[in-house]
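Scroll down for the structure; my scribbles are underneath it.
Coordinate-derived values only; no laboratory data. All values reported here derive from a predicted model rather than from experimental measurement. Cβ placement follows ideal geometry from the backbone for every residue including glycine, while neighbour counts extend to all protein chains displayed.
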Amino acid sequence: MLKDFADLSTPLVADACVRTGLPLRVAPPGIGSVATGHRIAGPALPVRHYGSVDVFLEALDAGRPGDVLVIDNGGRTDEACVGDLAVLEAAQAGLTGVAVWGLHRDTPELAEIGLPVFSYGSLPAGPVRLDEREPEALASARFGAHLVTAGDLVFGDADGVLFLAAERVEEVLDAARRIRDVEREQARRIRTSDSLRRQTAFGDYLVLREADPSYTFRRHLRRIGGAIEE
């Protein structure tokens, strides 16, 4: 999956979701990679954290090489729920990354391990609580407004993290590649002084919008085969 994502980006995948009518499931703003340049792509391995690392070890027992560990820590900013030992264990289990709805710690060690980790950021303090475990602890993970299960794929890069139902992945990635190709050609033409306004017949759009206020720029782009938004 990381190979399929190699020449794409989360903005392209997000636009492709819109293009194909799939609901956008984007992680909250602020979720980013511990190390610059890291990317993740793979099946979700969901787990909910309750204050102890044992639930991560149990999740890894059920994981497969290539999975991305998706940790639900409720978006808490008062504790770091994952550190070097858990991430090193995930790397040794063949996982391709970790996405945390919360914070991490042991930043230098994580950078040395090299397994991509995405979170809100770092905090020295670990958990001092031990909450009651839910039945869904290993079946699903909340990540912001979204529920992530083993039927989802995870994509992450410098722009953030998003989730996609596995059964729609080929359709969405194909759409993302088409959008990428159009945008690359548009960018090439801008660099050769063929402005985006000219490429998108923006003057014509303004005339058409004047005649029909419901005529949107997105509709116009679809009509002419352009791409900027979705």
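How do the peptides 187-196, 93-102 rank, highest first, by the average count of neighbouring beta carbon atoms within 10 Å per residue?
Values: 187-196: 10.4, 93-102: 23.6.
Highest to lowest by the protection proxy: 93-102, 187-196.
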Theoretical gain in end-to-end length, Thr149 to Val18 [0.36 nm per residue, Cα-Cα removed] = 45.1 nm
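Could you line up Val169, Val47 from fewest to most neighbouring Cβ atoms inside 10 Å? Could you put the intermediate results ahead of the total?
On the way: Val169 19, Val47 24.
So the ranking, lowest neighbour count to highest, is Val169, Val47.
Among Asp152, Asp159, which comes first, then next, by fewest other beta-carbon atoms within 10 Å? Walk me through the intermediate numbers first.
On the way: Asp152 24, Asp159 15.
Least crowded to most crowded, the residues run Asp159, Asp152.
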request  = Could you compute the FRET efficiency for Arg222 and Glu112, with r as their C-beta to C-beta distance and R0 at 45 Å, rounded to 0.05?
outcome  = 0.45
note = When Glu109, Glu167 are arranged by how many other beta-carbons sit within 10 Å of their Cβ, fewest first, they go Glu167, Glu109
note = Lys and Arg at +1, Asp and Glu at -1: neighbours of Ala80 with Cβ under 14 Å from its Cβ sum to -2
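Once you have the alpha carbon radius of gyration of segment 39-159, what is it after dividing by 2.2 N^0.38 Å, with N set to its residue count?
Numbers: Rg = 12.7 Å, N = 121, 2.2 N^0.38 = 13.6 Å.
Its radius of gyration relative to the 2.2 N^0.38 Å reference: 0.93.
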task = Return a whole-number percent for the relative contact order of the chain, with Cα pairs under 8 Å and 6 or more residues apart as the contact set.
result = 27
key: Sequence-distant residues sharing a close amide H with Leu153 (under 5 Å, placed H)   = Ala44, Leu164, Ala165, Ala166
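Please work out the Cα convex hull volume for the chain and give it in Å³ per residue.
Numbers: hull volume 32.0 nm³, N = 230.
Normalising the Cα hull of the chain by residue number yields 139 Å³.
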ask   = Which shape class applies to segment 124-168: rounded if a/c is under 1.5, otherwise prolate when a/b exceeds b/c and oblate if not, where a ≥ b ≥ c are the square roots of the Cα gyration tensor eigenvalues?
value = oblate
task = Could you work out how far the C-alpha centroid of segment 161-205 sits from that of segment 29-80, in angstrom?
result = 31
key: Ratio of the Cα radius of gyration of segment 159-227 to 2.2 N^0.38 Å, where N counts its residues   = 1.39
inquiry  = Past the 20 angstrom mark, what percentage of all C-alpha to C-alpha distances in segment 105-203 do you count?
reply    = 66
request  = Report the full-extension gain for the segment Ala165 to Leu208: residue separation times 0.36 nm, less the Cα-Cα distance, to one decimal in nm.
outcome  = 11.7 nm
